[in-house]
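Written below as structure tokens is the structure these notes are about.
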Amino acid sequence: MGAALLGAVLTGAAGVTFGVNAVEILLWIVVIAVVAMLVWSLVSLSHSPLDPGRRIPWAFVMFLLPVLGPAVWLWWRFYYYPRRKAEQPSWDPNSNRVIVNPPRRPNARD
């Protein structure tokens, strides 16, 4: 059913087939997803709280590793940064000051 539908879609009005198989379609879907994630990451980076000098290495990593770079950036921006900021409101990602956090204790009962 799916192959017949795909074949009908890839057949033009004059009955000419385009010669595109399912693997090529899947590859294009993956490429479009990677490019979309890269663009989303770069837009997020441009609106981030980081100084411009700290954005350049991130952008370089995103272009150097087009899947891993944006994935790590999006994790940092939407998972790590808000939790760290909630935990330590005075924390600044642009500061070079080393902050030593006290060790976290599990919910120990005395």
Environment charge at residue 44 (Cβ cut-off 13 Å; Lys +1, Arg +1, Asp -1, Glu -1): +2
Footprinting exposure proxy for 90, 41 (fewest neighbouring C-beta atoms within 10 Å first): 90, 41
Estimated dipole of region 21-87 in Debye, rounded to 20 [Cβ of Lys and Arg +1, of Asp and Glu -1, Cα centre]: 320 debye
Dipole of region 21-87, positive direction: furthest Cα of 21, 73, 39, with charges on the beta-carbon: 73
q = 0.11 Å⁻¹, region 21-87: log10 I(q)/I(0) [Debye, one scatterer per Cα]: -0.31
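Here, each number is a calculation from the coordinates, and none is a lab measurement. If you're wondering where the values come from, they're calculated on a predicted model, not measured in any experiment. Reconstructed Cβ throughout: ideal geometry from the backbone, glycine too, with neighbour counts over all protein chains shown.
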